[in-house]
Each structure stands twice: as structure tokens, then as C-alpha cells.
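Engineer: Before I ask anything, let me first share the structure, which is written out below as C-alpha cells.
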Amino acid sequence: PRAEGEERNEPVKVIRVAQELAILRGVSEDDIARVTTRNAYEFLGFNARELEKEAERVAYPIRNSLYINPTNACNNNCGFCARNRGYVVKGHDIRLDHDPSAEEMLAAMGDFSKYDEIVFCGFGEPTLRLKEILKVAKAVKESGHKVRLNTNGLGNLEYGRDITEDIRGLIDTVSVSLNTADPEQYEKLCNPRFGEKAYAGLCEFVKSCVARGIRTICTVVDMPEIDVEAARARAVELGAEFRVRSFTDAG
């Protein structure tokens, strides 16, 4: 039985339900529509991958940001990565058939004037495509838009030099997956290609970004084994901002 004052739910009120879900999840109504449509396709046994064209796997909107997916390759193999459960982020299947060129990324973005920011972030490490993402970032900055880079912070180790000078002036915000305050735990959790050098290299990358005046945010995933406060202290020590990411919420 319904309590006094409660309304009976009807299919016609699905829009209202979507609006409330968007508020609860902190996403847009378009995000809710996309996620529920994909869920319905998968539940009914249809090929949900047919919902999107290749360009939509390269440039995909979440909330009021446009995310750019430069590669599915990564120099970490994090055990907690959502990619281990699949390639769907907020209803987008972002498995790439090939690494897109800068021109393909720009074409996939189309008219991006309505978005608050452009974010380099996919199920891979964007700095592995450094030349290409900087070319795209330059075009975005020339249009007066903000650019964010989500990275594991191993770019300096990857290229054997400090790449933060390259990104200064083209990237407004760098979000670095710090993941932990413990170098040994980092190696265990993230399985970096650079082994025990990885965590120190990550920290040096963060300090260099901060020194160059780039807004820098260190993030951790809220898993039980992570000492969030120790990670927060490490971020402060490095001069960066700090944010906790949800373990269950890709994107």
C-alpha cells in the first residue's frame, strides 16, 4: 500500500524517474538514458555495441564534458581497473579498433563548443599518444576551451625526459592517479611496467606539473586497503590537490 500523499508510479513518469536518477548519480539525464538503453539491449540479448559508431568510442560525452579516448594501451596493469570488468563507461563502449590520429580525434569531437571542458581519458594511458593529444589540445585551446588530462603520471618515465614542459599552456588541469601513499603497495596494485621506479617517477611528475603552474590533482580509489588520509598527506606534500574516486563508478 502507498503511504498518504504518495503517487502511483506509471510508465508515463519515466522521464521524472530519469531526472531523479540523474540527481542521485550526479550525472546528466542524457547519461541515464544512454546507460539504461544499453542495459536494455544487453538484457534482451541484442548487440549493444551497434549503438555507437567508431567516432563515438573516440569522443564520448559524460555530464557536460567531452572525453577523448586516445588509446586502450597502458603502461600499468591495475588490478582494480574497471577495464577488467568490461569497456563500458557511463553507457559508452570505448573499445577502440585502432588508435585514432589527432585528425580522427578532432573529427570525432565535432562541434565541442557546448562542453565545459575536453578531457583526455579512456581505458588506456593518454600520454602514450603524447604528440597526438598535444596537437588536439592546441586546437581546443585556440577555441578558448579548457583541457584536462587524466593520467597515471608515468609519462616522464615513458619518454625518459620531463614532458611537463610540453603540456604547459596546452593542458589546464592534470589529474594523476596516485592510488596510494605506499610505493610497495603501488607496485602491487598497479603492476607498472617500470617496476619499483614507477612511484618515485609518478611523484616527480606531479611535482614538476605543480612547479610549472599546472593545476594538479592527485586521486585515489576508495578501496578498503587504501589509506586515504596517508594518500591525502602525500598529495599535499607534493603540492597538489586531492580527490577520492569511487571504486564502482567508472567515468
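The values are calculated or read from the model by the stated rules, or taken from the named source; none is laboratory data. What you are looking at is a predicted structure, and each value in this text was computed from that prediction instead of being measured. Cβ coordinates were reconstructed from backbone atoms using ideal geometry, including for glycine residues, and neighbour counts include every protein chain displayed. Please note that ligands, DNA and RNA were not included when accessible areas were found on the heavy atoms of the full protein model with its side chains. Shrake-Rupley method; radii C 1.70, N 1.55, O 1.52, S 1.80 Å.
Engineer: Name the helices (runs of 4 or more DSSP H) wholly within the stretch 124-170 that hold at least 3 residues that are open to solvent by 30 Å² or more (accessible area, probe 1.4 Å) and either at positive phi or out of contact with any Pro (no Cβ under 7 Å at 6 or more places or on another chain) (or both)?
Structural biologist: Helices (runs of 4 or more DSSP H) meeting the threshold: 130-142, 155-159.
Engineer: Name the pairs: first residue in the stretch 16-44 and more than 14 Å from TYR60 (Cβ to Cβ), second residue at pLDDT below 80 and not in a helix (DSSP H, G or I), Cβ to Cβ under 7 Å, at least 6 apart or on different chains?
Structural biologist: Within 7 Å, the pairs are ALA22/SER28.
Engineer: Assuming ILE226 fulfils every condition listed in (1) of a type outside the set (S, T, N, Q); (2) open to solvent by less than 40 Å² (accessible area, probe 1.4 Å); (3) under 23 Å from ALA73 (Cβ atoms) apart from one, which condition is it?
Structural biologist: Condition not satisfied by ILE226: (3).
Engineer: From the list ILE94, ILE32, ILE62, which one is of a type in the set (Val, Ile, Thr), closer than 21 Å to LYS141 by Cα and surrounded by 19 or more Cβ atoms within 10 Å (Cβ to Cβ)?
Structural biologist: The conditions single out ILE62.
Engineer: Is there any pair linking a residue in the stretch 97-120 that is closer than 14 Å to LYS138 by Cα to one that is open to solvent by 80 Å² or more (accessible area, probe 1.4 Å), with Cβ under 8 Å and at least six apart or on different chains, and which?
Structural biologist: Pairs that qualify, where the first residue is closer than 14 Å to LYS138 by Cα and the partner is open to solvent by 80 Å² or more (accessible area, probe 1.4 Å), are ALA102/LYS131; ALA102/LYS135; GLU117/LYS146; ILE118/LYS146.
Engineer: Also, I was wondering about something else. Among the residues of the stretch 65-78, which ones are open to solvent by 10 Å² or more (accessible area, probe 1.4 Å), hydrophobic (A, V, I, L, M, F, W, C), more than 11 Å from ARG95 (Cα to Cα) and modelled with pLDDT of 95 or more?
Structural biologist: Across the stretch 65-78, the qualifying residue is only CYS74.
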